[in-house]
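The values are calculated or read from the model by the stated rules, or taken from the named source; none is laboratory data. In this text, all values refer to a predicted model and were calculated from it rather than measured experimentally. Cβ placement follows ideal geometry from the backbone for every residue including glycine, while neighbour counts extend to all protein chains displayed.
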Amino acid sequence: MGPYDRHVFVCTGGETCPTQGETENYVKILRAGVQNAGRSSDVRINKSGCFSQCGHGPMIVVYPDDVWYAGVRESDLDEILTSHIIGGNPVERLRYDPGKPGPNKIVGEKKGAEGRAPASDVGRAGPAWKRVCRSDEVPANGMKAFPVDGVDVLIVHTGEAFVAYQALCPHEAVALEQGVHDGSVLTCLEHMWQFDVRTGAPIGDAETGLTGYRLKEERGELYVALEG
């Protein structure tokens, strides 16, 4: 057995995880929780590079249990910490199982031919946050589209958190707010294309995932970063 009962890795350096959530802050929250629980000697929280599962994030992996979590929101961290990291019981609703081994990216790489980040990414400033709406404008367990700087953005209330995606189905540009979701799967009713609510990943017959936008909530207002 290794020196730790559990070793937790949070993707903070991948292509998409840091754009889908404040993953650096996830590390701080989990470390503080472990310390408050008096488990710093046998539980370690580490930052990690890319897991090669881009587009499914933010992602957390817990060893030696080999439990992978996808689409983790900041509001999920306390449950993961209390139930699994401290209590030993994985949070099943957040478990990630791509159904195949190896890399499973649903977005393209941003690296150039020599494996380096393009020059335009070097020294890039932080995201420009754009106000979308008040959080109470999105129905509980519902979704609604809003125009943001000429881009239509779909805000989805999953029942536990807010997520933001492109407003039109990638199949035939049907408004997704006319569809339905059950907290796990978002369904476009035009041709029944389905997507993972937490990650935007395609499910079933859907051939393309949804473009997601980084989102934050402050003082009852929702903001998205269309770039960065």
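The figures follow:
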read-out	value
Extreme residue, surrounded by the fewest Cβ atoms within 10 Å (Cβ to Cβ), among residues of the range 26-35 that are closer than 12 Å to H7 by Cα and under 21 Å from the mean Cα position of the chain (by Cα)	R31
Filter result (assigned to a helix (DSSP H, G or I), among the β-branched types (V, I, T) and either surrounded by 15 or more Cβ atoms within 10 Å (Cβ to Cβ) or in contact with a His (Cβ under 7 Å, 6 or more places away or on another chain) (or both)) within the range 58-89	I80, I85, I86
Which listed residue, of Y26, Y63, is more than 21 Å from Y213 (Cβ to Cβ), modelled with pLDDT of 90 or more and touching a strand residue (DSSP E or B) at 6+ places or on another chain (Cβ under 7 Å)	Y63
Members of the range 117-147 that are modelled with pLDDT of 90 or more and among the polar types (S, T, N, Q)	S135, N141
Failed item in (1) modelled with pLDDT of 75 or more; (2) part of a loop (DSSP other than H, G, I, E, B), with E114 passing the rest	(1)
Candidates G38, G55, filtered to the one that is in a loop (DSSP other than H, G, I, E, B), at positive phi and over 15 Å from the mean Cα position of the chain (by Cα)	G38
Test: Y96 is in contact (Cβ under 8 Å) with a residue 12 or more places away in the chain and in contact with a helix residue (DSSP H, G or I) (Cβ under 9 Å, 6 or more places away or on another chain)	no
Some residue of the range 210-227 being of a type in the set (G, A, S), in contact with a helix residue (DSSP H, G or I) (Cβ under 7 Å, 6 or more places away or on another chain) and loosely packed, with under 15 Cβ neighbours inside 10 Å	yes
Odd one out for K100 among (1) surrounded by 14 or more Cβ atoms within 10 Å (Cβ to Cβ); (2) outside any helix (DSSP H, G or I)	(1)
Pairs where the first residue, in the range 16-28, is under 20 Å from N104 (Cα atoms) and touching a residue at least 12 places away in the same chain (Cβ under 8 Å) and the second is among the small types (G, A, S) and in a helix (DSSP H, G or I), C-beta under 9 Å, 6+ apart	none
Given (1) under 22 Å from L222 (Cα atoms); (2) not in a strand (DSSP E or B); (3) not aromatic (F, W, Y), index of the condition I155 fails	(2)
Members of the range 158-173 found to be surrounded by 19 or more Cβ atoms within 10 Å (Cβ to Cβ) and either outside any loop (DSSP other than H, G, I, E, B) or in contact with a strand residue (DSSP E or B) (Cβ under 6 Å, 6 or more places away or on another chain) (or both), listed by number	F162, V163, A164, Y165, Q166, A167, C169
Boolean, G209 is assigned to a loop (DSSP other than H, G, I, E, B) and on the phi > 0 side of the Ramachandran plot	no
